[in-house]
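Heads up: the structure comes next, in C-alpha cells.
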Amino acid sequence: MPGLLRGMARTAVVAGTATAVSNRVSRRQANKWADQGQQYTPVQRVGYTEQEAPPPPPPAPAAAAPAADPIQQLKELAELKNQGILTEEEFAAQKAKILAQ
C-alpha cells in the first residue's frame, strides 16, 4: 500500500509541474505577442477544416474473384451426378458451361 501511495503522489507532482510549466509558457508567449502589438490566440487544432482537408484516397480496387479450377468443378459435378442429384442433361449443360469459360 505505501508503494501505491508513493506512486500516486509522484504522478500528482509530475502532472502539477507539467501544468505549471505549460501555463507559464502560454503566459510568456501571450506577453511576447502583446509586446509586438498582435493578439495572441492559442491554437488548438484537432483536424482539418473543410478548405484544408486533403483529398480522400482513391477507392481500393475490387478484389478479383479467384479463378475457379475447372478440373475441380468437373469433379464436383461428377460427384453430384453419381449421387443422383443431377441428371445426365443437367450434368452435360453445366459441364459445357465450365468448359466454355
Checklist (1) at pLDDT below 70; (2) open to solvent by less than 100 Å² (accessible area, probe 1.4 Å) applied to Ala30, failing item: (1)
Has the range 34-55 got at least one residue that is among the hydroxyl-bearing types (Ser, Thr, Tyr), surrounded by 10 or more Cβ atoms within 10 Å (Cβ to Cβ) and at pLDDT 75 or above? no
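The values are calculated or read from the model by the stated rules, or taken from the named source; none is laboratory data. Not measured: the values here are computed from a predicted model. Reconstructed Cβ throughout: ideal geometry from the backbone, glycine too, with neighbour counts over all protein chains shown. The protein model used for the area step is the full one, side chains on, heavy atoms only, and it has no ligands, DNA or RNA in it. Shrake-Rupley method; radii C 1.70, N 1.55, O 1.52, S 1.80 Å.
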